[in-house]
Amino acid sequence: MGLNHLFNLWSFKKPTSWIFLFLLCLQVIATAQPAKNPTYTLSEGEMLISIPNGCDSSLVDSLIIHYNLQDIGIKEGYQTGNWTKARQLGWVVKEVKKSMILKKSLSELSGLDELKMFLMLTSQQGEINPGYPVMIGPLGVNNFKKSELQPKFINDSLCVFQLSGFTQAEHVFISGSFNNWSTINLPLSKTNTGWDIELKIKPGKHLYKFIVDGKWMEDPNNSQWESDGFNGKNSVYYHSNVLFKIPGYLNAKKVILAGNFNDWNERELRMKLNGDAWELPVYLEDGTYGYKFIVDGTWYHDTANPNSVSDGSGGLNSIITLGKPHLFRLPGYENAGQVRLAGDFNAWNPDELNLSKVDGGWELPYVLKPGNYTYKYIVDNSWILDPSNPQTTSDNNGIVNSFVTIGANFRFVLKDHLDKKEVKLAGDFTNWEASALTMKREELGWSIQVYLSPGKHLYKYIIDGTWVTDPQNPLWEENEVGTGNSVIWQIP
Amino acid sequence: MQGFFRLTILGLLVIFSGSLVAGFDLNSPLVKRKKGRGSDFPDPIPQGESAKISIPIKRAGNLILMEVQIDSIVGNLILDTGAPHLVLNKTYFRNYPLYGNVMASGITGGGGAGNQTRVSRLVVAPGLYYSDVDADIVPLGHLESRKGVKIIGLFGLNLLKRLEIEFHLDEGELIIYRLSRSGARTQVETAEEKLGKAKTIRIFLENGLLLVPVTINEKRLRFYIDTGAETNILHSGSSKKVFEKVQLSRRTMLSGTGKEQAEVLSGELSEMFVDGHSYINMDVTIANLNSLRSVYDSSIDGMLGYSFLSRRKLAINFMKGELYLWD
């Protein structure tokens with residue numbers, strides 16, 4: 001538009017017009033040149049970094065960060081003209097057509113062996129424990145299309161999974177987080193209408209699939225699933241540990257369970273009439289929860305549950321506690337004004353957990369889900385180790401904290417060695433802290449119980465200061481110091 | 001996951017040699033191939049009744065895992081055409097009797113200490129097993145720790161030589177066909193199972209590598225298929241025309257042992273053709289393959305890994321040396 005306008009305004013017969021046009025063309029040509037951006041390319045078998053003189057230093061910074069070129073000294077060279085560092089690293093530096101050009105032959109790249117070592121050692125760790133379920137919130141409820149085909153709950157540790165149809169299939173397996181996703185160790189049996197299998201299972205969240213004649217398949221009767229990370233679905237099953245139940249109200253249209261486990265949601269958890277009571281089986285993580293029933297819009301507490309607290313509106317909230325509280329106890333310190341507890345379980349918040357004064361010390365019963373935890377007491381304003389707990393571990397900064405295992409699921413036993421003074425256990429689960437876990441001397445040897453998360457774990461015993469692999473465990477692997485570490489696979 | 005942070009398996013054979021734990025000395029790869037040949041172990045013969053077997057695979061990153069039973073040990077093997085034969089993780093096979101240099105073949109590197117063994121039975125599926133399979137034993141502990149799954153070894157090329165495999169990676173499935181002496185499927189095929197519209201491409205088994213002709217920017221190149229490679233690799237010495245199709249995305253420094261740092265590049269290959277089939281925008285790592293080329297006496301230009309295998313339906317007949325690609 002602008003150019004057309006100018007052409008109309010000026011007569012080309014005037015020499016001044018031609019001069020103006022010439023200048024204008026120069027301007028257009030100048031502005032039409034490619035942007036002066038620094039580049040990093042491959043050319044003629046060489047890596048080539050091109051930095052135009054006078055280009056914006058922020059563009060140079062972006063190039064350096066984007067391609068990870070920090071070590072070459074580009075910024076320093078660009079600012080000071082000193083390219084020594086780049087030259088020391090084998091780059092040829094020349095100024096060509098108002099640009100600094102850095103070239104290096106690709107033949108300087110590492111060989112395949114080194115490349116692969118690199119890829120191995122730097123590959124991301126996010127995929128450790130693939131397929132192990134993660135709870136989002138403390139509550140899990142199943143959602144099956146046909147209730148008669150959902151896994152049959154037998155008891156806390158047993159249920160029957162079913163797959164309807166597929167009667168022409170030769171083999172059907174179930175594979176999930178409960179069997180480390182084995183594709184061959186849980187075959188289903190054929191029934192008149194399909195397939196089933198009785199499984200030992202723990203309360204909690206489980207992911208699974210069926211395998212019908214070699215083909216993976218999510219449970220067609222289960223509406224609840226998560227992505228398997230490969231364009232497929234893992235079905236989700238919660239093996240319940242609590243049955244909420246309210247008898248009567250047989251003429252009610254809608255009965256809802258609400259509690260602090262679901263932010264008192266008034267619509268989410270619909271109960272089902274079963275005989276003479278409304279029921280809902282759920283999985284709840286360890287913890288203390290308040291809840292109520294809503295029968296056709298009216299809120300009721302659970303009269304069958306003697307534990308309740310005021311709801312603040314003249315009514316009651318029923319209370320349910322899951323998991324056994326661990327008693328944090330600090331003996332002595334009777335003159336202290338305040339004793340508090342902080343640990344990795346509450347993000348080391350010092351203002352949250354107060355111990356109560358009791359005879360001979362201070363106490364706080366506190367429910368934690370299974371795991372290994374570190375903590376300290378805060379006596380008035382001093383952070384101290386738990387004097388009655390010999391187990392300690394240090395964090396990445398070398399700070400020593402007390403160490404406690406809740407819900408231990410594995411017992412390490414070292415037979416014999418009773419002539420030794422001290423046996424300790426170190427492993428990936430204690431950050432390889434040598435002084436972490438002191439084993440208990442028993443009649444036939446030494447032992448300690450810890451919690452191990454699902455997956456692979458490495459460990460060693462330290463017998464009077466000497467690191468040894470577990471003589472009773474045939475599985476061990478080489479380590480980076482040329483000795484070995486014992487290996488355990490913990491099944492979820 | 002960025003293609004750059006992926007692992008190629010042939011390297012594992014080197015990475016996990018005992019020398020790694022002694023400080024990343026990579027000069028003595030554990031599994032060497034003799035120049036001009038593949039595995040010097042006899043090719044194991046697939047046994048069992050099934051002519052067609054569907055195998056549910058699992059994946060750790062871009063590794064393809066098959067759960068198998070080897071004698072009494074159950075665990076996952078990585079499908080790895082980059083490995084010449086069965087390779088076992090030392091953690092689980094430590095007590096197997098070792099023999100070394102018996103074959104006098106040069107397969108075993110690492111100073112001649114015996115690291116070969118023989119397993120009695122390798123069961124892949126109810127209808128497919130092998131008997132008396134020779135194997136190398138190497139430490140693979142770092143790999144399974146990194147991947148979080150129990151990996152008992154690598155299912156290498158010589159186990160595949162009498163089979164055809166159809167890759168259905170999207171569905172998490174491999175279909176294995178038994179072959180007759182002529183290399184034809186022994187299964188009586190339904191019309192649906194016939195290759196149909198698949199195009200047949202001649203591939204070559206040379207020095208234990210599955211070589212495929214590939215074209216990049218009108219340059220004819222030779223790549224090999226490595227099912228154990230988590231990314232594709234392009235030789236850094238390829239021509240300028242080839243690199244015109246590569247968009248660099250990142251450079252990373254690698255510290256070797258006592259050597260100066262070396263560079264590793266990753267990027268995207270905008271277009272590649274395998275016999276007219278186009279592959280657009282594939283992850284690629286650029287590496288110097290000279291060491292590999294010297295061992296194989298071959299002009300290898302690169303390696304095709306998981307991102308190639310997962311791009312479209314394909315099958316490999318290892319006996320006939322044919323690659324089948326579907327549109």
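The values are calculated or read from the model by the stated rules, or taken from the named source; none is laboratory data. The shown structure was predicted, so the numbers you read here are calculated from the model rather than taken from an experiment. Note that we place each Cβ from the backbone using ideal geometry, even for glycine, and neighbour counts take in every protein chain shown. Areas reflect the complete protein model, heavy atoms only, side chains present, ligands, DNA and RNA absent. Shrake-Rupley method; radii C 1.70, N 1.55, O 1.52, S 1.80 Å.
Rundown of residues vs (1) without any contact (Cβ under 8 Å) to a residue 12 or more places away in the chain; (2) of a type outside the set (Asp, Glu); (3) farther than 22 Å from A:Leu353 by Cβ, yes/no style:
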residue	(1), (2), (3)
A:Gly371	no, yes, no
A:Asn401	no, yes, no
A:Lys440	yes, yes, yes
A:Gln449	no, yes, yes
A:Asp464	no, no, yes
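Residues are listed down the side, and each one gets a yes or a no for (1) surrounded by fewer than 17 Cβ atoms within 10 Å (Cβ to Cβ); (2) assigned to a strand (DSSP E or B); (3) of a type in the set (Lys, Arg):
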| site | (1), (2), (3) |
| --- | --- |
| A:Ser318 | no, yes, no |
| A:Lys324 | yes, no, yes |
| A:Arg329 | no, yes, yes |
| A:Asn335 | yes, no, no |
| A:Leu368 | no, no, no |
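A single entry from A:Ile154, A:Ile197 fulfils the requirement of being in contact with a Ser or Thr (Cβ under 7 Å, 6 or more places away or on another chain), more than 14 Å from chain B (Cβ to nearest Cβ) and farther than 20 Å from A:Ser227 by Cβ: A:Ile197. Restricting A:Gly214, A:Gly248, A:Gly232 to residues that are touching a helix residue (DSSP H, G or I) at 6+ places or on another chain (Cβ under 8 Å), without any contact (Cβ under 8 Å) to a residue 60 or more places away in the chain and not polar (S, T, N, Q) narrows the list to A:Gly232. Scanning the range A:22-29 for residues that are open to solvent by 80 Å² or more (accessible area, probe 1.4 Å), at pLDDT below 90 and not in a helix (DSSP H, G or I) turns up nothing.
Please specify each residue of the range A:386-413 satisfying the condition of being farther than 26 Å from A:Pro492 by Cβ and either part of a strand (DSSP E or B) or open to solvent by less than 70 Å² (accessible area, probe 1.4 Å) (or both). Answer for the range A:386-413, where residues must be farther than 26 Å from A:Pro492 by Cβ and either part of a strand (DSSP E or B) or open to solvent by less than 70 Å² (accessible area, probe 1.4 Å) (or both): A:Asp386, A:Asn389, A:Thr392, A:Ser394, A:Asp395, A:Gly398, A:Val400, A:Asn401, A:Ser402.
Taking the criterion of being within 13 Å of chain B (Cβ to nearest Cβ), in contact with a strand residue (DSSP E or B) (Cβ under 9 Å, 6 or more places away or on another chain) and surrounded by fewer than 22 Cβ atoms within 10 Å (Cβ to Cβ), the residues of the range A:231-252 that qualify are A:Gly232, A:Lys233. For the range A:82-100, the criterion of being at pLDDT below 55 and surrounded by fewer than 17 Cβ atoms within 10 Å (Cβ to Cβ) is met by none of the residues.
Would you please name the residue that is nearest to the other protein chains (Cβ to nearest Cβ), looking only at residues in the range B:270-293 that are closer than 26 Å to B:Lys313 by Cα and open to solvent by 60 Å² or more (accessible area, probe 1.4 Å)? Restricting to residues being closer than 26 Å to B:Lys313 by Cα and open to solvent by 60 Å² or more (accessible area, probe 1.4 Å), the top hit is B:Asn281.
Table: residues versus (1) open to solvent by 50 Å² or more (accessible area, probe 1.4 Å); (2) touching a His at 6+ places or on another chain (Cβ under 8 Å); (3) within 14 Å of chain B (Cβ to nearest Cβ).
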residue	(1), (2), (3)
A:Lys415	yes, no, no
A:Lys420	yes, no, no
A:Thr430	no, no, no
A:Thr438	no, no, no
A:Glu442	yes, no, no
A:Val450	no, no, no
A:Pro474	yes, no, yes
A:Gly484	no, no, yes
A:Ile491	yes, no, yes
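The number of residues in the range A:181-194 that are farther than 26 Å from B:Met66 by Cα and within 14 Å of chain B (Cβ to nearest Cβ) comes to 0.
Just to be sure, is A:Asp228 open to solvent by 10 Å² or more (accessible area, probe 1.4 Å), under 30 Å from the mean Cα position of the chain (by Cα) and under 18 Å from A:Ile319 (Cα atoms)? For A:Asp228, the condition - open to solvent by 10 Å² or more (accessible area, probe 1.4 Å), under 30 Å from the mean Cα position of the chain (by Cα) and under 18 Å from A:Ile319 (Cα atoms) - is not met. Is one or more of the residues making up the range A:49-58 under 20 Å from B:Ser249 (Cα atoms), within 14 Å of chain B (Cβ to nearest Cβ) and touching a strand residue (DSSP E or B) at 6+ places or on another chain (Cβ under 6 Å)? For the range A:49-58, residues under 20 Å from B:Ser249 (Cα atoms), within 14 Å of chain B (Cβ to nearest Cβ) and touching a strand residue (DSSP E or B) at 6+ places or on another chain (Cβ under 6 Å): present.
Determine whether the range A:220-235 contains at least one residue that is of a type in the set (Gly, Ala, Ser) and farther than 30 Å from B:Asp170 by Cα. Among the residues of the range A:220-235, not one is of a type in the set (Gly, Ala, Ser) and farther than 30 Å from B:Asp170 by Cα, which makes the answer no.
Looking only at the range A:169-188, decide whether some residue is more than 27 Å from B:Gly75 (Cβ to Cβ) and either in a loop (DSSP other than H, G, I, E, B) or acidic (Asp, Glu) (or both). Within the range A:169-188, none of the residues are more than 27 Å from B:Gly75 (Cβ to Cβ) and either in a loop (DSSP other than H, G, I, E, B) or acidic (Asp, Glu) (or both). Is the range A:189-200 home to any residue that is under 30 Å from A:Ala258 (Cα atoms) and part of a loop (DSSP other than H, G, I, E, B)? For the range A:189-200, residues under 30 Å from A:Ala258 (Cα atoms) and part of a loop (DSSP other than H, G, I, E, B): absent.
When every residue of the range A:214-230 is checked against the conditions, at least one turns out to be within 14 Å of chain B (Cβ to nearest Cβ), of a type in the set (Phe, Trp, Tyr) and assigned to a loop (DSSP other than H, G, I, E, B).
State which residue is farthest from B:Leu169 (Cα to Cα) when the search covers only the range A:201-213 and only residues that are within 30 Å of the chain's Cα centre (by Cα) and assigned to a strand (DSSP E or B). Per the stated criteria, the residue is A:Gly204. Exactly one residue out of B:Gly100, B:Gly148 is within 14 Å of chain A (Cβ to nearest Cβ) and either surrounded by fewer than 20 Cβ atoms within 10 Å (Cβ to Cβ) or at pLDDT below 90 (or both): that is B:Gly148. On the basis of being at pLDDT 90 or above and among the polar types (S, T, N, Q), does A:Asn409 make the cut? Taking the combined requirement at face value, the residue satisfies it. Residues in the range B:200-241 that are without any contact (Cβ under 8 Å) to a residue 40 or more places away in the chain and outside any loop (DSSP other than H, G, I, E, B): B:Lys219, B:Arg220, B:Lys240, B:Lys241.
Restricting the range A:263-288 to residues that are surrounded by 19 or more Cβ atoms within 10 Å (Cβ to Cβ) and farther than 18 Å from A:His239 by Cβ leaves a set whose member that is farthest from the chain's Cα centre (by Cα) is A:Trp278. Restricting attention to the range B:249-265 and to residues that are modelled with pLDDT of 75 or more and open to solvent by 10 Å² or more (accessible area, probe 1.4 Å), the residue that is farthest from the other protein chains (Cβ to nearest Cβ) turns out to be B:Ser249.
Taken together, A:Gly360, A:Gly314 contain a single residue that is surrounded by fewer than 17 Cβ atoms within 10 Å (Cβ to Cβ) and over 24 Å from A:Phe261 (Cα atoms), which is A:Gly360. Restricting the first member to the range A:151-165 and to residues that are more than 15 Å from A:Ser189 (Cα to Cα), and the second to residues that are polar (S, T, N, Q) and part of a strand (DSSP E or B), no beta-carbon pair is closer than 6 Å while six or more apart or on different chains. Here the strands (runs of 3 or more DSSP E) wholly within the range A:235-312 that include at least 1 residues being at positive phi and of a type outside the set (A, V, I, L, M) are A:287-295. Of all residues in the range A:135-145, at least one satisfies being over 25 Å from B:Gly127 (Cα atoms), touching a strand residue (DSSP E or B) at 6+ places or on another chain (Cβ under 6 Å) and among the β-branched types (Val, Ile, Thr).
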